[in-house]
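Notes for the one structure printed next.
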Amino acid sequence: MDHTTYSNAYISDILQSVKTIALVGASAKEVRPSYFVMKYLLDKGYKVIPINPGMAGKELLGQMVYASLSDVPEPIDMVDIFRNSDAAGPITDEALTLDPLPKVIWMQLSVHNEEAAAKAEKAGLKVVMDRCPKMEYGKLSGEWARVGGSTGNISSKKQSMHESGKMQSLGLAPK
Amino acid sequence: MSEQDYGFDTLAIHAGAQPDPATGARATPIYQTTAYVFDDADHAADLFALRSFGNIYTRIMNPTQAVLESKVAALEGGTAAVATASGHAAQLLVFHALLNPGDEFIATRQLYGGSINQFNHSFKSFGWKVAWADADDVSSIAAAVTDKTKAIFIESIANPGGRVNDIEAISEVAKKAGIPLIVDNTLATPWLCKPFDHGANIITHSLTKFIAGHGNSMGGIIVDGGNFDWGKDGKYPMLSEPNSSYNDIKLYETFGNIAFAITCRVLGLRDLGPAISPTNAFNILTGMETLSLRMERHCENTQKVAEWLEANDKVEYVNYAGLKSSPYYDLAQKYTPRGPGAVFTFGLKGGYEAGVKVVSGVNLLSHLANVGDTRSLIIHPASTTHSQLTPEQQSKAGAGPELVRLSIGIENVDDIIADLDQAIG
C-alpha cells in the first residue's frame, strides 16, 4: 500500500485493536522521545514491553526490559520501532519469526524502510511508517488540539473521555 | 474523512470545535479559568515535562484558545498554531524563538508602521537587528542576507500600500539562505491567500482584523507550516539544542513538525507571557465562522470604491491591486485571485490638508487606527500610524502626506461611496 498518507480509519483501527506493544529502542532517559511515547502509551492503557539489549532484565516504568523481540515471553500485537531506517530491516525480519505473528509493524517519525514494509505486508501485517503513535492517538482523541495542533478531524460528536476516568485524558471514540 | 477533504467554510465552522466532552455544549465554551486541576502527581509531572497533552495554566494554554488555534491552523494548512494577546505579541514570540542577541533578520520596508517601530526600536533591546529590503526588488532581499540572518519577514498584502508581495520569489531567497520565510497574512486571511502553498514556513496574523471581523477583541496567532528543518545546522538552538529549562529536552527532536509552535508556547508564552484572554478567543471564534462571507463582501465593496475613486477628479492616484492600473495587479491575480483584500490607499491632489479634510468630513466611515472591521474605516497615516517615521520612511512605507488609507467594510457600498463623495467635496 501507499505509505505517504494514512486514513484516520486505518490508524484508528490499529490503535483500537492492539493491546501489547513492544517498543524497540526504549530509553531510560526521561527526555528521549521514546520515553515520552512509552509513558503516554502506558497511561492510555496499553501494555508496553521495552526492548533494549543494554537494559535487559531491568525494569523501565515498571515494565520488564528484554534484549530482543524473540526474548519476549508473550504474544506481541504491535512492534514500535524507535531505531533508524536501516535497523528497521532486521527488526522487522525478527518480528516476522515470532509465533504468533504481530499484527502491526509501526516505524517512528523519520523511520522508513520500504523493503521491510513490503515483507511485513506480504506476511499479512499492517505497516505504518514515519508516524508517532502518541501523536496519532492525540490527533484521533482530540488531545492534540490542546497544544494548538491541527487534528485532521472534525466531528459533531462530543469528544470521548478516556476509560481511565482521568479528568484530562481523552480516549478514542468507540468504533 | 480527514480534514483535507472538507471545504473552507466547513473548516471555519467546525475545525477544532467538537462538542464539549464535559457538558455537550455545542458552541465552544468560554473557559474563563486561570488554572486546571491535575489528575495526580504523576500527571502533573508529565505535563510540566511536556510528556502529556494537557492544560496547566492559561498563560500557556486554554481550551477556548485551543479551538481557535486548531481552527486557524486548519484554515491555513499548517500543522499547529499558538494564539497570543495581539499580532505584535505573535511577532515577538516568533523572533524570540529564532533569534539570539546579535542575530539579524530581513524585513521588507513596505510593512505596517507598528511593525516597523517594533523591529527598529523595541527589538534593539533584545540585540536583534533588522535589515530592511525592498519588497519590490527581490534581489535587495538576497543582497541583505549575511551569516547572521535567521529569517525573512514579509506581509502577503502590505499595509497600507495596497501592495501584493511575490511570496514564491522571496521564498526562493529564504530557501537558498537556509532560513525560514515568515509571512504576515493579516490583510489577506487564508480565504484570500494561502502562504504555505507558496513556500512560507511560518504565518502570523493579527486576529483583531478580518479574521475576527468585528473590531471588538485583540488577538494574534502564529501558524507553524511544519515544513522547515530546524535541526540541520544548529542555527536555531532554542529548537534544536537541549533546553535546560525543560530537563535538557530537544524541542525539535521531540515535537517534529509542530516544534516551532511548541517552542513559541512553552518558552515564548511561558516566559514572556502575552496570552490571549479566553473571552477574546471566544469572540474571535464567533467572527471566524463567517470569514469567507465577509471577505467576499469586503472585496466586492472595495473594488467598487477603488474604481469610483480612480474616476474622481480630486484624486491623484489609487493604490489598489484590484485595479488594472496597479503595478501589483498581476501579483494579485496570482496570490489573491478572490480579491486583494479591503485595505488600500489613495492620494488627494490637495496634499496633507485635503487628507485632513476628508478624515474630518466623513460621517459613515470611522476615523480610527484599525483595519479589518465590518465598518468602513479611514485614517491619514502621515499624522497618525506613521507619524513616528521620518518623511522619507513614510514615503518608503507607502504613506506620504497626501495619502489616505481606507479599510472598506461590509455596509452597502452606495452609502460608503456617498460618504466619501461628500467628504472629498
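The values are calculated or read from the model by the stated rules, or taken from the named source; none is laboratory data. Values in this document were obtained by computation on a predicted structure and should not be read as measured data. Here the Cβ is made from the backbone with ideal geometry for all residues, glycine too, and neighbour counts use every protein chain on show. When the accessible area is computed, the model is the full protein with side chains, heavy atoms only, and any ligands, DNA or RNA have been set aside. Shrake-Rupley method; radii C 1.70, N 1.55, O 1.52, S 1.80 Å.
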Practice problem: Take the alpha-carbon positions of chain B, form their convex hull, and give its projected area averaged over all directions (one quarter of the hull surface) in nm². | Solution: 20.3 nm²
Quiz item: HN-Hα J couplings of the range B:371-387 from phi, Karplus 6.51/-1.76/1.60, θ = phi - 60°, integer Hz, Gly and Pro as x?
Solution: 9, x, 9, 5, 7, 6, 10, 9, 8, 10, x, 4, 9, 9, 4, 10, 6
Practice problem: Quote the FRET efficiency, to the nearest 0.05, computed for A:Asp93 versus B:Ala41 with a Förster distance R0 of 56 Å and r equal to the Cβ-Cβ distance. | Solution: 0.85
Self-check item: Top positive-direction residue, dipole computed over the range A:1-67 with Cβ charges, set A:Thr4, A:Ala67, A:Ser34
Solution: A:Ala67
Exercise. Report the residue, chosen from B:Gly87, B:Gly350, B:Gly226, that carries the largest GNM mean-square fluctuation when chain B is represented by alpha-carbon nodes joined by springs under 10 Å.
Key: B:Gly350
Quiz item: What total accessible area, in Å², is buried where chains A and B meet, using a 1.4 Å probe and rounding to the nearest 100?
Solution: 3500 Å²
Quiz item: What accessible area per residue, rounded to a whole number of Å², is obtained for chain A using a probe radius of 1.4 Å?
Solution: 43 Å²
Exercise. Mind telling me which of B:Ala212, B:Ala90, B:Ala25 comes out most flexible in a GNM of chain B, alpha-carbon contacts under 10 Å?
Key: B:Ala25
Quiz item: Name the residues of the range B:18-61 whose accessible area falls by at least 30 Å² when all protein chains are present instead of the chain alone, probe 1.4 Å?
Solution: B:Gln18, B:Pro19, B:Pro21, B:Val37, B:Asp39, B:Asp42, B:Asp46, B:Arg51, B:Phe53, B:Asn55
Quiz item: Non-local amide H neighbours of B:Gly409 (under 5 Å, H modeled in plane, Pro and chain starts lacking H): which ones?
Solution: B:Ser376, B:Leu377
Quiz item: With respect to the cross-link table entries A:Lys47/A:Lys122; A:Lys157/B:Lys175; B:Lys129/B:Lys175, which display a Cα-Cα separation exceeding 32 Å?
Solution: A:Lys157/B:Lys175
Quiz item: Taking a ≥ b ≥ c as the square roots of the eigenvalues of the Cα gyration tensor of the range A:8-133, is the shape rounded (a/c under 1.5), prolate (a/b larger than b/c) or oblate?
Solution: rounded
Exercise. Search the structure for amide H atoms under 5 Å from the amide H of A:Ile49, placed 1.01 Å from N in the peptide plane, and list their residues when 5 or more places away or on another chain.
Key: A:Ile21, A:Ala22, A:Leu23
Practice problem: Subtracting the Cα-Cα distance from 0.36 nm times the residue separation, let me have the gained length for B:Gln388 to B:Glu316 in nm, one decimal. | Solution: 23.4 nm
Quiz item: Is the shape of the range B:129-282 best called rounded, prolate or oblate, per the rule: a/c under 1.5 gives rounded, else a/b larger than b/c gives prolate, else oblate, with a ≥ b ≥ c the square roots of the Cα gyration tensor eigenvalues?
Solution: oblate
Self-check item: chain B: most fluctuating residue of B:Phe119, B:Phe255, B:Phe282 per GNM, C-alpha cutoff 10 Å
Solution: B:Phe255
Quiz item: How far is the Cα center of the range A:32-102 from the Cα center of the range B:142-158, in Å?
Solution: 46 Å
Exercise. Taking 7 Å along the Cα-to-C-beta vector as the label spot, tell me the A:Leu42-B:Asp147 distance in nanometres, rounded to one decimal.
Key: 4.7 nm
Quiz prompt | Surrounding net charge for A:Ser7, when Lys and Arg each add one and Asp and Glu each subtract one, Cβ distance under 11 Å | solution = -3
Self-check item: Under the Karplus curve 6.51 cos²θ - 1.76 cosθ + 1.60, θ = phi - 60°, whole-Hz ³J(HN,Hα) for the range A:59-72, x wherever Gly or Pro sits
Solution: 9, 10, 6, x, 10, 5, 8, 10, 6, 8, 4, 5, 7, 6
Quiz item: Got a number for carbon plus sulfur as a percent of the range A:8-133's accessible area, 1.4 Å probe?
Solution: 50 percent
Quiz item: Roughly what % of Cα-Cα distances in the protein assembly as shown sit above 41 Å, to the whole percent?
Solution: 30 percent
Practice problem: Send over a whole-number figure in Å² for the accessible area per residue of the range B:292-424, probe 1.4 Å. | Solution: 43 Å²
Exercise. With the full set of protein chains in place, find how many percent of the accessible area of the range B:3-287 is carbon and sulfur; take the probe as 1.4 Å.
Key: 53 percent
Quiz item: How much solvent-accessible surface does B:Asp103 expose, in Å² to the nearest 10, with a 1.4 Å probe and all protein chains in place?
Solution: 20 Å²
Practice problem: Take every residue in peptide A:154-166, count the Cβ atoms of other chains within 10 Å of its Cβ, and give the average of those counts. | Solution: 4
Exercise. Determine the percent antiparallel among the DSSP beta bridges restricted to the protein assembly as shown, to the nearest 5.
Key: 45 percent
Quiz item: Taking H as built 1.01 Å from N, whose amide H comes closer than 5 Å to the amide H of B:Glu104, not counting residues under 5 places away?
Solution: B:Lys129, B:Thr149, B:Lys150
Practice problem: Could you estimate the translational diffusion coefficient of the range B:340-406 from the Stokes-Einstein equation, with Rh from the Kirkwood formula over C-alpha pairs, at 4 °C and 1.567 mPa s, in whole µm²/s? | Solution: 108 µm²/s
Practice problem: Mean Kyte-Doolittle of at least -1.0 plus a Cα span of 18 Å or more along the axis: flag which DSSP H helices in chain B meet both, please. | Solution: B:63-76, B:291-310
Exercise. Please tell me the relative contact order of the range B:43-134 in percent, rounded to the nearest whole number, where contacts are Cα pairs under 8 Å and at least six residues apart.
Key: 20 percent
Quiz prompt | For B:Tyr320, net neighbour charge (Lys/Arg +1, Asp/Glu -1) across residues whose Cβ lies under 12 Å away | solution = +2
Exercise. Highest first, please rank the peptides A:116-125, B:263-272 by the mean number of other Cβ atoms sitting within 10 Å of their residues.
Key: B:263-272, A:116-125
Exercise. Step through the residues of the range B:21-37 one at a time and calculate ³J(HN,Hα) from phi using the Karplus curve (6.51 cos²θ - 1.76 cosθ + 1.60, θ = phi - 60°), rounding each to whole Hz and writing x for Gly and Pro.
Key: x, 7, 10, x, 3, 7, 6, 5, x, 8, 8, 7, 9, 8, 9, 9, 6
